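Asks: Can you read through this structure? Questions will come right after.
The values are calculated or read from the model by the stated rules, or taken from the named source; none is laboratory data. Note that this is a predicted model, so its numbers are computed, not measured. Cβ: placed from backbone, ideal geometry, glycine included. Neighbour counts: every protein chain shown. Surface areas here come from the heavy atoms of the whole protein model, side chains and all, with no ligands, DNA or RNA. Shrake-Rupley method; radii C 1.70, N 1.55, O 1.52, S 1.80 Å.
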Amino acid sequence: MLNRIVNLVTIMALFTSVSLAEPPELQALRLAARTGNMPVVRQLLDAGLDPAMVDINGATAVHAAAGGGQLEALKLLLERGGPADLADKQGRRPLYEAATANSGECCALLLAKGADIEATTGGDWTPLKAALVWRKDQAALVLISSGAICDLSPTVVGETPLMVASFRGPKAVAEALLARGADPGRRDQNEETALHHAARGGQSEIAALLQKEGLTSQTPNAQGWTALELALQGGHQDTVEVLFETIGDTSAALPGVCAWGTSIQVDRLLLQGADPNGVDRQGHPVLAIAAGRGGDSTLWESRSKIPRDSQDLQAHWLVVRLLETGANLEKAGVSALQAACRADNTETARRLLELGVDPNQPGPEGDAPVLLAVERGNLELRSHLLARGAHPSPRDASGLDPLMRLDRRISKLGLALEGYRRMRALHPALNATEAELVRLTSAREALQ
C-alpha cells in the first residue's frame, strides 16, 4: 500500500508543478496532510517517515495540515514530533498558515504547542494581520482571545488591527479588539481613525459601534475628508444613515451631502438648520455643489449607476430646495450656472437661467457658460444659453473659442482611445470613450 501511494505521487509530479527533487514519501505526506487523508498520514508516519522533514521551500507536513485547516492531521503530526513553530524560507510558520485557512481550532492547537503568536513573515505580517486582512474571522477571534497584540500599528501606513477590521469586518472581530483594549481614537499616517476605515468599507454596524466609543462622523483626515464624506463617496447609504447620528454641525456636513447624498438627506439637514449659503473647504458655494452633481467626467455613464438625466433632475431639485430655504442666488448664481454647465446638468442650468442668472458672466476660472456647453457637445444647453442672450462665441483666458475647446477635447479623447486600443484588452473606459468621441464629433459637425 505504501509503495502504491509513493508511486501515485511520483506519477502526479510528472504532470504537475510538484518537484521530483523531493522524496516522494514527503510529497505524499504533505498532500495527505493538506487534504486530511488520515489513513495515508497515519500509514506514512507508522512507516517511519519523519514529520519534521522539510520540502524545497523549507515547509513541513505541519505547514500543509495547518494550511488546509486539517485539525486531526495537524494533531497527529504534532504528536509524532512535527515542529509547531518552524518558519519556511518565506518566513511563514504553521500558525500563519492556519490563520489564512481560517481554522480557529488549528490556531488554538498550535498556540497550545508553543507557536509564537507575534512571529512575522519576511515582511510585517503577523498571523493576526493575515487573518484580519483576508477576513478570516474565526482565526482572528482565536488569536485575539489568545493574547495577540491588538493596539499597535502593524502596517507601514500605521493601520492598527482595529482599523483593518473596521474596513473589512465583521463586527464580532471589531468588538473583540475593543474588548481587548484597542484604542478607537488612534490615527494612521493619513490621520484617519477606525471610523474613517469603517465608512470607506461600508461597515455600518462597525460604524455604529465606533460611534458609541466616542468617534464622530465629522472628524477630518489629512486631506480634510470626514467619515461621513467617505461613506457618501462610496455610495454606502446604510453607513451614511448611521453616521448621521453624530452630525453636530449640519452646515459643515451640507456640502458633502449635496455632492453625494440623497435628496432626503439634504432636506433633513436643511430642516435641522443647515446654512444653504455655506461653502465647502475649497470655498465652493453649496448651491454650486448641488448644481454640479455628477462632476465633469466625460465618462460619467461608465463610472456611475445613476443615469445622467436622473442626476440632472436631482441636481435641479436640490437647487430649488436650497433656494426655497434661503440660498442667495445673487451671490452664488454664477458659480451654480458654471457648475451645472460643467456637469452637463441641462435642466438645472435652464432653471437657473429662468431665475435670471447672467449667461455671459464668466466664473472664477474665466470660462463663460457657452464655452463649457459646447466643449461638452451639449447643443441643447447651448440653445438655452443663446436664448437667454449668451454671446455665441466667447473666448477663454487662453484665447480659445467654443469650437477650439471642443476640437481640443475631441483630440484628447482620440489619443486616449488609441491608448486603450493598444492595450489589446477590454479596458473599462474603452466603450464609453468611443461613444463619447462619436457624440462630440457629431456635435462638432452640427455646429459647422
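Asks: Need pairs with beta-carbon distance below 7 Å; first residue under 12 Å from Asp401 (Cα atoms) and within the range 366-381, second open to solvent by 10 Å² or more (accessible area, probe 1.4 Å) and acidic (Asp, Glu); sequence gap 6+ or separate chains.
Replies: Cβ pairs passing all conditions: Asp367/Asp396; Leu371/Asp396.
Asks: Oh, and also: Please enumerate the residues belonging to the range 76-116 that are over 24 Å from Leu44 (Cβ atoms), part of a loop (DSSP other than H, G, I, E, B) and under 32 Å from the mean Cα position of the chain (by Cα).
Replies: Restricting attention to the range 76-116, the residues satisfying the condition of being over 24 Å from Leu44 (Cβ atoms) are 90-91, 96, 99-100, 102, 104, 107-108, 111-112, 114, 116.
Keeping just the survivors that are part of a loop (DSSP other than H, G, I, E, B) gives 90-91, 102, 114, 116.
Result: Gln90, Gly91, Asn102.
Asks: Could you list, in sequence order, all residues of the range 100-127 that are among the hydrophobic types (A, V, I, L, M, F, W, C), crowded, with 18+ Cβ neighbours inside 10 Å and at pLDDT below 95?
Replies: Trp125
Asks: Among all residue pairs at least 6 apart or on different chains, which show Cβ distances below 6 Å where the first residue, located in the range 177-188, is among the hydrophobic types (A, V, I, L, M, F, W, C) and the second is assigned to a loop (DSSP other than H, G, I, E, B)?
Replies: Leu177/Cys150; Ala182/Cys150; Ala182/Asp151
Asks: A follow-up question, please. Take the range 186-201 and flag every residue that is touching a Gly at 6+ places or on another chain (Cβ under 7 Å) and open to solvent by 30 Å² or more (accessible area, probe 1.4 Å).
Replies: Gln189, Arg200
Asks: Here's another thing I want to ask about it. Restricting to the range 343-365, count the residues that are open to solvent by less than 50 Å² (accessible area, probe 1.4 Å), without any contact (Cβ under 8 Å) to a residue 60 or more places away in the chain and either of a type in the set (A, V, I, L, M) or over 18 Å from Arg439 (Cβ atoms) (or both). Full working, then the answer.
Replies: Our first condition is that a residue be open to solvent by less than 50 Å² (accessible area, probe 1.4 Å); within the range 343-365, this holds for 343-346, 348-349, 352-353, 357, 359, 363.
Now drop any that are not without any contact (Cβ under 8 Å) to a residue 60 or more places away in the chain, which leaves 343-346, 348-349, 353, 357, 359, 363.
Now narrow it down to the ones that are either of a type in the set (A, V, I, L, M) or over 18 Å from Arg439 (Cβ atoms) (or both): 343, 348-349, 353, 357, 359, 363.
Summing the residues that are open to solvent by less than 50 Å² (accessible area, probe 1.4 Å), without any contact (Cβ under 8 Å) to a residue 60 or more places away in the chain and either of a type in the set (A, V, I, L, M) or over 18 Å from Arg439 (Cβ atoms) (or both) in the range 343-365 gives 7.
Asks: Is it true that Ser411 is hydroxyl-bearing (Ser, Thr, Tyr), surrounded by fewer than 13 Cβ atoms within 10 Å (Cβ to Cβ) and within 37 Å of the chain's Cα centre (by Cα)? Spell out how you get there, then give the answer.
Replies: Details: hydroxyl-bearing (Ser, Thr, Tyr): yes; surrounded by fewer than 13 Cβ atoms within 10 Å (Cβ to Cβ): yes; within 37 Å of the chain's Cα centre (by Cα): yes.
It is true that Ser411 is hydroxyl-bearing (Ser, Thr, Tyr), surrounded by fewer than 13 Cβ atoms within 10 Å (Cβ to Cβ) and within 37 Å of the chain's Cα centre (by Cα).
Asks: Here is a further query. Of the residues Val173, Val164, which is buried (at least 24 other Cβ atoms within 10 Å of the Cβ), in contact (Cβ under 8 Å) with a residue 40 or more places away in the chain and part of a helix (DSSP H, G or I)? Reasoning before the result, please.
Replies: Details: Val164 fails: in contact (Cβ under 8 Å) with a residue 40 or more places away in the chain.
Answer to the selection: Val173.
Asks: OK, next. Would you mind stating whether Leu254 is within 24 Å of the chain's Cα centre (by Cα), under 24 Å from Ala227 (Cα atoms) and at pLDDT 95 or above?
Replies: For Leu254, the condition - within 24 Å of the chain's Cα centre (by Cα), under 24 Å from Ala227 (Cα atoms) and at pLDDT 95 or above - is met.
Asks: Does Leu381 fit the bill of being out of contact with any Asp or Glu (no Cβ under 9 Å at 6 or more places or on another chain), hydrophobic (A, V, I, L, M, F, W, C), under 24 Å from Glu347 (Cβ atoms) and open to solvent by less than 50 Å² (accessible area, probe 1.4 Å)?
Replies: On the way: out of contact with any Asp or Glu (no Cβ under 9 Å at 6 or more places or on another chain): no; hydrophobic (A, V, I, L, M, F, W, C): yes; under 24 Å from Glu347 (Cβ atoms): yes; open to solvent by less than 50 Å² (accessible area, probe 1.4 Å): yes.
Answer is no for this residue.
Asks: Please state which of the following conditions Ala397 fails to meet, knowing it meets all the rest: (1) outside any helix (DSSP H, G or I); (2) surrounded by 14 or more Cβ atoms within 10 Å (Cβ to Cβ); (3) free of Cβ contacts under 8 Å to residues at least 40 places away in the same chain; (4) not acidic (Asp, Glu).
Replies: Only one criterion in (1) outside any helix (DSSP H, G or I); (2) surrounded by 14 or more Cβ atoms within 10 Å (Cβ to Cβ); (3) free of Cβ contacts under 8 Å to residues at least 40 places away in the same chain; (4) not acidic (Asp, Glu) is unmet by Ala397, namely (2).
Asks: Within the range 47-64, does at least one residue satisfy the condition of being outside any loop (DSSP other than H, G, I, E, B) and open to solvent by 50 Å² or more (accessible area, probe 1.4 Å)?
Replies: no
Asks: In addition: Among (1) of a type outside the set (Ser, Thr, Tyr); (2) at pLDDT 95 or above; (3) within 24 Å of His284 (Cα to Cα), which single condition is Arg388 missing?
Replies: Going through (1) of a type outside the set (Ser, Thr, Tyr); (2) at pLDDT 95 or above; (3) within 24 Å of His284 (Cα to Cα) one by one, Arg388 breaks only (3).
Asks: Quick one: would you say Ala182 is open to solvent by less than 10 Å² (accessible area, probe 1.4 Å), over 17 Å from Leu228 (Cβ atoms) and outside any loop (DSSP other than H, G, I, E, B)?
Replies: Values: open to solvent by less than 10 Å² (accessible area, probe 1.4 Å): yes; over 17 Å from Leu228 (Cβ atoms): yes; outside any loop (DSSP other than H, G, I, E, B): no.
Spelling it out, it is not the case that Ala182 is open to solvent by less than 10 Å² (accessible area, probe 1.4 Å), over 17 Å from Leu228 (Cβ atoms) and outside any loop (DSSP other than H, G, I, E, B).
Asks: I want to confirm something. Restricting to the range 203-236 and keeping residues that are assigned to a loop (DSSP other than H, G, I, E, B) and in contact with a Phe, Trp or Tyr (Cβ under 9 Å, 6 or more places away or on another chain), which single residue is least open to solvent (accessible area, probe 1.4 Å)?
Replies: Out of the qualifying residues, it is Ser217.
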